[in-house]
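The values are calculated or read from the model by the stated rules, or taken from the named source; none is laboratory data. Quick caveat: nothing in here was measured; it's all calculated off a predicted structure. Don't worry about glycine lacking a Cβ; one is built from the backbone with ideal geometry, like all the others, and counts go over all protein chains shown.
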Amino acid sequence: MEKLSEVKISFVIPVFNEEGSVTELNAEIVNITKNIGLTYEIIFIDDGSTDDTLQNLKKLLMFNVKIIRFRRNFGQTAALDAGIKASSGEYIITMDGDGQNDPADVPKLLEKLKNKNLDVISGWRKNRKDAFTKKFSSLAAAFVRKILLNDGIHDSGCTLKIYRRECFKCIDLAGEIHRFIPAILKIKGFRIGEMEVNHRQRKKGATKYTWSRGIKGILDMVSVWFWKKYANKPLHLFGGVGVILATISIISGIIAGYQKIFIGIDLSDTILTDLSLFGFLISIQFLVFGLLADILSKSYFAMTKDRTYDIAEIIDNK
């Protein structure tokens with residue numbers, strides 16, 4: 001088994017208005033890597049900060065730091081995608097830039113990944129140092145995630161994760177999908193695990209979490225569920241709904257015809273005729289939509305997606 005000192009680690013850290021945290025966080029990472037003899041790079045993605053985050057980051061270039069600056073705020077998922085694509089390490093460690101993730105957990109994450117022969121280790125903030133509302137929303141999201149995805153991860157919202165580089169050869173990140181990277185990788189057959197990690201109080205700055213991010217996360221969860229079940233066979237979903245509707249409309253049509261012809265019931269006050277006609281038309285629409293979605297799905301897998309962000313510049317110390 002290769003030693004940790006024989007591999008390169010890439011730290012990928014999105015930051016947005018974290019001028020008070022980045023210097024201390026960088027120092028902690030540098031100290032940890034020196035203590036265990038890691039070859040490393042630290043990639044900070046400035047996600048459209050409006051404070052002095054970028055200026056403080058530029059002071060850190062001597063510490064093997066690379067800075068990716070977005071033209072505006074594109075969100076954490078886009079920032080992670082940009083940082084991962086710019087990284088070169090065999091292992092990729094993602095962290096929040098607010099200092100709540102503890103770099104001291106990194107050696108344990110690395111050891112578990114290697115010893116258990118896993119592809120992904122996700123941090124589990126079992127004892128979270130967050131407000132009650134944030135904890136409650138995370139518990140609600142975890143409940144929905146278990147129903148839809150059942151990825152075996154307790155805390156998908158924890159940014160502290162470690163990945164083998166091959167995990168990102170075939171996936172692009174968009175929307176708020178970063179929370180569900182382990183679920184996506186599990187769908188693709190990668191081996192995932194989790195480990196309890198330390199979670200610290202935020203010392204500086206303000207949380208960037210809002211209720212709108214929670215709603216977006218749930219919608220992206222539905223997207224991942226669809227991806228898991230029907231990404232390469234959408235006709236099975238939409239066509240299945242169409243067949244069910246067609247069956248119901250045919251049955252209601254038979255009942256309506258029997259009542260009209262053999263019993264002589266006036267059907268003008270019943271819903272059977274509407275159900276038969278519109279149900280059948282809608283079923284045809286679902287079948288056609290399923291066919292179109294199937295064609296689009298095949299086209300998607302045959303093409304490379306455009307990125308959802310625009311990088312203004314990449315700054316390093318070379």
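List pairs: first residue in segment 69-85 and assigned by TED's automatic domain parsing to the domain that holds residue 166 and under 22 Å from residue 40 (Cα atoms), second residue assigned to a helix (DSSP H, G or I) and aromatic (Phe, Trp, Tyr) anywhere in the structure, Cβ distance under 7 angstrom, at least six positions apart or on different chains.
If the second residue must be assigned to a helix (DSSP H, G or I) and aromatic (Phe, Trp, Tyr), the pairs left are 84/168.
Determine whether segment 99-107 contains at least one residue that is within 20 Å of the chain's Cα centre (by Cα) and over 17 Å from residue 312 (Cβ atoms).
Scanning segment 99-107 turns up at least one residue that is within 20 Å of the chain's Cα centre (by Cα) and over 17 Å from residue 312 (Cβ atoms).
Yes or no, residue by residue, for (1) within 16 Å of residue 178 (Cα to Cα); (2) exposed (fewer than 13 other Cβ atoms within 10 Å of the Cβ); (3) modelled with pLDDT under 90:
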site	(1), (2), (3)
115	no, yes, no
118	no, no, no
122	yes, no, no
140	no, yes, yes
148	no, no, yes
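Any idea which of 284, 254, 244 is assigned to a helix (DSSP H, G or I), free of Cβ contacts under 8 Å to residues at least 60 places away in the same chain and more than 30 Å from residue 233 (Cα to Cα)?
Only one candidate passes the filter, namely 254.
For segment 191-232, what are the residues that are over 30 Å from residue 290 (Cα atoms), modelled with pLDDT under 75 and assigned to a loop (DSSP other than H, G, I, E, B)?
205, 206, 207, 208, 209, 210
So residue 99 fits all but one of (1) within 22 Å of residue 203 (Cβ to Cβ); (2) surrounded by fewer than 21 Cβ atoms within 10 Å (Cβ to Cβ); what number is the exception?
(2)
Being modelled with pLDDT of 85 or more and not charged (D, E, K, R) is the filter here; which residues of segment 124-138 pass it?
Within segment 124-138, just 124 meets the criteria.
Evaluate the following for residue 265: is it out of contact with any Asp or Glu (no Cβ under 6 Å at 6 or more places or on another chain), surrounded by fewer than 18 Cβ atoms within 10 Å (Cβ to Cβ), at pLDDT below 90 and in a loop (DSSP other than H, G, I, E, B)?
Working: out of contact with any Asp or Glu (no Cβ under 6 Å at 6 or more places or on another chain): yes; surrounded by fewer than 18 Cβ atoms within 10 Å (Cβ to Cβ): yes; at pLDDT below 90: yes; in a loop (DSSP other than H, G, I, E, B): yes.
The answer is yes for residue 265.
Restricting attention to segment 49-87, which residues are under 26 Å from the mean Cα position of the chain (by Cα), of a type outside the set (Ser, Thr, Tyr) and surrounded by fewer than 21 Cβ atoms within 10 Å (Cβ to Cβ)?
Selection gives 54, 69, 71, 72, 73, 85, 86.
Looking for whichever is modelled with pLDDT of 95 or more, in the same structural domain as residue 181 (by TED's automatic domain parsing) and of a type outside the set (A, V, I, L, M, F, W, C) here; the options are 26, 64. Which one fits?
26
Any idea which residue in segment 21-48 is nearest to residue 114 (Cα to Cα), counting only those that are within 27 Å of the chain's Cα centre (by Cα) and small (Gly, Ala, Ser)?
So the residue we want is 21.
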